[in-house]
Amino acid sequence: MSLKTERRAIHVDQSELLCKKGCGYYGNPAWQGFCSKCWREEYQKARQKQIQEDWELAERLQREEEEAYASSQGAQGGQPSLGFAKFEEKKSNEKTRKVTTVKKFFTASSKSVQKKDMKEPKAPSPSLTRQYSIETDRVSKEFIEFLKTYHKAGHDVYKQCKVFLEAVQHKKESNIEELSEYTQDFYQNTADKLQMYWKVPPNKVEEAMDQIEKFIMTRLYKHVFCPETTDDEKKDLAVQKRIRALHWVTLQMLCVPVNEDIPEVSDMVVKAITDIIEMDSKRIPRDKLACITGCSKQIFNAIRTTKNEPASADDFLPTLIYIVLKANPPRLQSNIQYITRFCNPSRLMTGEDGYYFTNLCCAIAFIEKLDAQSLNLSEEEFNRYMSGQASPKKHDSDIWDADTCPGVKQMHRNLDLLSQLSERQERIVTEAKKLEKDLIDWTDDVTREVQDIVEKYPLNIKSSTQALASIDSENVEDDRLPPPLQPQVYAG
């Protein structure tokens with residue numbers, strides 16, 4: 001199979017990374033392929049439509065209730081009529097449907113856990129609480145010092161941030177998607193005020209928004225990162241388990257143009273893995289994005305060093321998939337969701353941060369659906385590797401480095417031997433089962449053929465009409481016997 005055919009399985013056209021509405025910004029799988037701006041527009045349209053439907057439903061219920069009440073006045077003994085009782089049942093069903101519809105729309109992909117059913121979260125350790133407090137105080141001081149350069153605008157921004165944080169404190173029990181929408185609105189409104197009302201230059205607006213995000217998200221991190229009302233943790237475990245099952249995937253299978261035998265390239269691969277793992281230790285969405293960007297730049301450098309030419313997008317994505325498989329970053333889905341929900345949307349829509357983040361989302365999607373065809377393997381090989389029954393050969397004995405540990409060489413030789421023995425045993429078991437089946441089939445065929453012959457040619461035994469002479473009786477026909485058999489009489 002050619003190199004082009006091998007890459008086709010994990011190729012993503014650059015147009016697929018853009019918003020499917022055609023606005024030119026980067027899309028995101030979490031936003032159903034829309035960019036942040038278009039997703040919020042679609043979300044607002046859907047919400048307005050739902051509000052309008054709920055309003056019309058409320059008006060209709062009010063009219064029906066008034067009509068039913070008027071008709072119930074004529075019922076005897078002041079008892080509600082049968083029609084009114086049916087109306088009450090209908091109204092109750094309508095209200096139940098309304099509540100269910102609203103919950104489905106405003107709830108995240110997973111079902112929200114009822115407060116009474118939620119387990120009481122464990123209290124953080126005192127040392128962790130002190131660490132958060134120290135970092136929060138440091139970030140607050142840095143934010144205040146930064147805003148001093150903005151004079152009046154800085155004072156108003158700080159006031160708006162305090163109002164926002166106080167409002168979020170009252171919304172802690174709200175759905176995480178509602179908090180995300182509220183935060184995105186705050187980002188957008190603050191950026192518009194800085195640029196239009198306070199006449200701050202665009203470059204200064206971007207810098208201010210980075211500091212605003214750092215200030216508010218440092219305080220909100222422990223409340224909005226991987227909340228218990230979502231299934232983020234469940235997705236983390238599923239992705240982690242999937243990556244562990246794919247630990248055997250090699251550079252050659254993904255057609256990764258990186259040569260780890262070059263020391264410089266090997267160092268870049270290690271740095272890329274370190275950057276993607278370090279993402280989980282950051283608390284600010286922008287810092288997490290910086291880790292993704294740092295990892296991606298190391299990948300581009302490794303490809304360029306290996307090929308002695310600039311890397312292409314077709315080279316980058318397979319290499320990013322390989323790095324993710326090698327690193328198996330902790331809480332990967334939680335970090336992706338956190339960035340998607342609470343990062344300044346302008347960073348995800350344009351620029352290198354948005355490009356690298358979109359590629360990471362695509363890499364995770366490919367890992368989740370990676371199959372035998374993507375790796376140019378047969379289904380049998382892929383299933384055996386996934387189940388751990390076998391593993392692809394890592395090295396041949398003649399290409400080991402001179403300084404490689406003998407124990408490592410022996411370990412790989414033993415693994416290859418065990419793999420071969422396992423294959424032989426499987427073949428023997430398969431052939432034995434086949435032989436057993438053939439013997440059973442042969443026995444059945446012979447039995448059936450014998451039965452057919454017996455039924456076709458039955459055995460009929462005819463009885464003799466002449467009585468058999470006793471051996472001691474007088475034989476009157478002895479003279480007809482040949483001489484040796486004629487009885488001889490001796491005189492007594």
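Points worth noting:
- Met196 sits among other residues whose Cβ lies under 14 Å from its own Cβ, and their net charge, with Lys and Arg +1 and Asp and Glu -1, is +1.
- Exposure of Tyr355 as accessible area (Å², to 10), given a probe of 1.4 Å and all protein chains: 40
- Phi-based couplings in Hz for region 449-455 (Karplus 6.51, -1.76, 1.60; Gly and Pro marked x): 5, 4, 5, 5, 5, 4, 5
- Amide H to amide H distances under 5 Å link Leu18 with Gly27, where only residues 5 or more positions off or on other chains count and H is placed in the peptide plane.
- Put simply, region 257-385 fits an ellipsoid with semi-axes of 24, 19, 14 Å; these come from the alpha carbon gyration tensor as the roots of five times its eigenvalues, largest first.
- Protein-only accessible surface order, largest first, of Lys214, Lys326 at 1.4 Å: Lys326, Lys214
- Near the amide H of Val200, within less than 5 Å, lie the amide hydrogens of Gln195, all on another chain or at least 5 residues away, with H placed in the peptide plane.
- With the convex hull of the Cα atoms taken as the outline of region 401-446, the averaged projected area works out to 3.5 nm².
- Accessible area per residue, Å², region 182-261 with all protein chains present, probe 1.4 Å: 50
- For region 230-296 versus region 301-343, the gap between their alpha-carbon centres in whole angstrom: 6
- Accessible surface of Leu57 - all protein chains present, 1.4 Å probe, nearest 10 Å²: 10
- Highest average first, the peptides 281-288, 233-240 ordered by how many other beta carbon atoms sit within 10 Å of their residues are 281-288, 233-240.
- Rounded to the nearest 0.05, the FRET efficiency derived from the C-beta distance between Glu56 and Glu368 at R0 = 35 Å is 0.30.
- GluC sites (Glu not before Pro) within region 248-313: DSSP coil, no more than 16 neighbouring Cβ in 10 Å: Glu260
- Accessible surface ranking that places the most exposed of Leu417, Leu147 first, with a 1.4 angstrom probe: Leu417, Leu147
- Sequence-ordered 3J(HN,Hα) estimates for region 162-172 from the Karplus curve with 6.51, -1.76 and 1.60 and θ = phi - 60° stand at 5, 5, 4, 5, 5, 5, 5, 4, 7, 10, 4 Hz, glycine and proline given as x.
The values are calculated or read from the model by the stated rules, or taken from the named source; none is laboratory data. If you're wondering where the values come from, they're calculated on a predicted model, not measured in any experiment. Neighbour counts run over all protein chains shown; Cβ positions are idealised from the backbone, glycine included. Ligands, DNA and RNA are stripped out before the accessible areas are found, and what is left, the full protein with its side chains, is counted by its heavy atoms. Shrake-Rupley method; radii C 1.70, N 1.55, O 1.52, S 1.80 Å.
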